[in-house]
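Here the structure comes first, spelled out in structure tokens, and everything after it is commentary.
What follows is calculated from the coordinates using simple rules that are stated; it is not laboratory data. Bear in mind that the values here come from a model prediction, so they are computed numbers and not experimental data. Note that we place each Cβ from the backbone using ideal geometry, even for glycine, and neighbour counts take in every protein chain shown.
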Amino acid sequence: MVDRKPPPAGNHTPTTLFGSAPNRTVVILAALGAGLAVAASMPPWGWWPLAFVGIAVLDELIADQPWRTRFARTWLMAAAWLYPAMLWMWDLTAPGYVVAVAFFAAYFATAAALTPSGPGRRLVLPLSFALAELARWSWPFGGVPLAHLAMSQVETPLAMAARIGGSLAVVVAVVITGQVVAAAARRQTREAVVGLIVLVVLVGAGFAHPQATITRQVEVALVQGGGPQRTRASSDQQPVVLARHVEATRLIDQPVDLVIWPENVVNPGRFLSHDDADALVRQVAADVDASVLAGWFFPISDRATVNYHSTITPEGDEIDRYDKVRLVPFGEYVPLRSLIESINDEVPGRDVQVGTAEPVLDTPVGPVGVAISWEGFFEVRSRAAVRAGAELLTNPTNGSSYWLTQVQTQQVASNQLRAIENDRWVLQVAPTGFSAVVAPDGTVVQRTGISERATLSDTVDMRHGLTLAARFGFWPVALAGLTALAVTQYRWRFDSGHQVGAGDRLS
């Protein structure tokens with residue numbers, strides 16, 4: 001760990017923004033306050049400047065501290081950030097929520113512990129925090145990319161850095177901005193100016209990035225059937241949910257090319273046969289004279305279920321289908337099933353069958369990318385769609401079972417990032433909200449309310465071309481972070497060895 005720094009000469013005590021040698025209570029309150037500030041910058045609250053305040057306080061808390069202190073203070077800050085910002089998880093599994101957030105906070109604590117405590121942290125901390133976010137988005141069980149730093153800035157110019165290095169580039173920009181605030185508060189003019197220059201270059205490159213080519217314009221309609229939130233799936237609701245969306249589709253009062261339904265609103269089962277549901281969807285496509293992208297969910301065996309989106313043309317033909325690839329752990333599949341079943345006999349009996357195709361649907365107007373529900377939070381899925389030729393992105397989802405509106409608002413924010421990263425229009429559609437039309441610059445053009453029955457009609461562009469983020473993803477930022485940490489560790493080991501050697505010679 002990078003912490004063996006010789007103490008200041010003489011009896012001088014370093015002065016911080018919290019005073020000379022702040023006591024433990026002040027430190028704890030500062031760490032908690034920093035975390036709560038970052039939490040408040042997240043959707044649904046969206047007080048985005050507080051993200052910089054939280055990072056600035058953290059930067060001060062870890063300055064010139066040994067690695068154990070950096071770890072402890074950063075864990076406390078990250079816990080105060082993630083426990084409120086991921087409160088939605090409590091309603092699904094209270095014990096899992098407590099353990100998961102504590103674990104995720106340790107990612108950021110480790111990042112701070114590996115970051116040098118001196119001036120070098122101004123270079124390394126933005127990159128090490130980006131690596132911590134990447135780890136949280138990836139493991140365990142595929143990761144949980146919600147309530148992250150990039151989401152706090154979807155309404156600010158910093159989000160444009162996503163075109164260069166994806167959401168991780170925005171994370172880097174947030175941390176740099178916080179450090180600039182900290183440097184300015186300490187009147188460290190040189191450090192503040194250098195940070196601002198890096199920030200301007202990073203964000204400016206996003207604005208200067210060439211835009212994708214518009215191939216054509218299409219008329220789309222997003223259908224939200226409405227209904228109560230915080231519900232659980234039940235067989236008697238299957239025909240009711242479908243009927244709501246059929247009725248809402250009848251609200252479309254203009255010619256459209258595509259009608260997009262949410263995830264799993266076509267749910268054949270006990271009260272709705274597959275043939276009847278299929279006939280109803282085909283009739284809707286004929287009635288509106290447009291292709292319908294419909295979400296299906298039904299069991300195919302005692303152990304497997306399918307969750308897919310398909311394209312139904314006005315002529316009644318199913319011309320393409322995409323089965324969900326990135327599944328929700330403990331929701332759509334049970335990790336370590338044999339072990340879990342041995343201690344809990346109430347786990348879901350079926351896993352969703354994992355798809356294998358590229359996340360793109362062929363439609364009469366061109367290739368449309370599909371990230372079903374949970375997949376929309378993972379930039380790799382939308383990037384795969386664009387690289388496979390998608391000219392428009394969709395995120396059909398079903399957030400009706402979630403408590404509060406944290407997941408729904410953070411999903412909109414996530415799709416704002418997906419739009420900027422890929423320079424594509426993104427259409428989010430949910431049965432009970434939120435549904436949204438998002439422009440390529442991240443602007444939310446339209447958004448529904450919760451539980452209302454509504455359709456959103458708009459004219460959107462089909463686009464061709466790849467951004468740097470679509471071409472290379474998060475790898476440039478991740479490799480820069482790994483390189484920075486490797487150099488940091490090497491320098492610490494070299495300096496430690498050099499100091500030992502000099503001591504030997506003097507003796």
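Against the chain, whose longest principal axis comes from its Cα atoms, helix 406-422 is set at around 90 degrees.
In the frame of its principal axes, the range 213-467 has Cα extents of 55, 38, 34 Å, reported largest first. In plain terms, the chain from W90 to D317 could stretch by 77.4 nm, reckoned as 0.36 nm per residue minus the Cα-Cα distance.
When you count, for each residue, the other Cβ atoms within 10 Å and take the mean per peptide, how do 402-410, 250-258 rank with the highest first?
On the way: 402-410: 19.9, 250-258: 14.9.
Sorting 402-410, 250-258 by mean packing, highest first, produces 402-410, 250-258.
At q = 0.13 Å⁻¹, what log₁₀ I(q)/I(0) does a Debye calculation on the Cα points of the chain give, no solvent, two decimals? Taking Cα atoms of the chain as identical point scatterers yields -1.20. Among 181-190, 284-293, sorting by the average number of other beta carbon atoms lying within 10 angstrom of each residue, highest first, gives 284-293, 181-190.
Charge tally for D423 (other residues, Cβ to Cβ under 12 Å; Lys, Arg +1; Asp, Glu -1): +2.
Between the C-alpha center of the range 330-404 and that of the range 163-226 there is a gap of 27 Å.
Using C-alpha pairs under 8 Å with a sequence gap of at least 6, the mean separation divided by the residue count of the chain gives a relative contact order of 17 percent. Full extension of the chain segment joining Q217 with D253 gains 11.1 nm, where the gain is 0.36 nm per residue of separation less the Cα-Cα distance.
The C-alpha atoms of the chain define a longest principal axis, and helix 94-114 lies at about 40 degrees to it. The distance from the alpha carbon centre of the range 239-312 to that of the range 30-87 is 44 Å, rounded to a whole number. For the chain, the 222 nm mean residue ellipticity estimated from helices alone, with every DSSP H stretch of n ≥ 4 adding -39500 (n - 2.57) and the total spread over all residues, rounds to -15000 deg cm²/dmol.
Rg and Dmax over the alpha-carbon atoms of the range 373-434 stand at 11.4, 36 Å. Can you give me the angle between helix 189-208 and the longest principal axis of the chain, using Cα atoms only, in degrees from 0 to 90, rounded to the nearest 10? Around 20 degrees separate the two axes.
Once you order the gyration tensor axes a ≥ b ≥ c over the Cα atoms, which shape class does the range 62-183 get: rounded for a/c under 1.5, otherwise prolate or oblate by comparing a/b with b/c?
oblate
Note on S167, S451, S414, S373: ascending count of other Cβ atoms within 10 Å places them as S451, S373, S414, S167, the fewest first.
Express in nm, to one decimal, how much length is gained between V328 and R303 on full extension, taking 0.36 nm for each residue of separation and deducting their alpha carbon distance. Don't skip to the answer; put the middle values down first.
Details: separation 25, 0.36 × 25 = 9.00 nm, distance 1.64 nm.
Extra length available between V328 and R303 comes to 7.4 nm.
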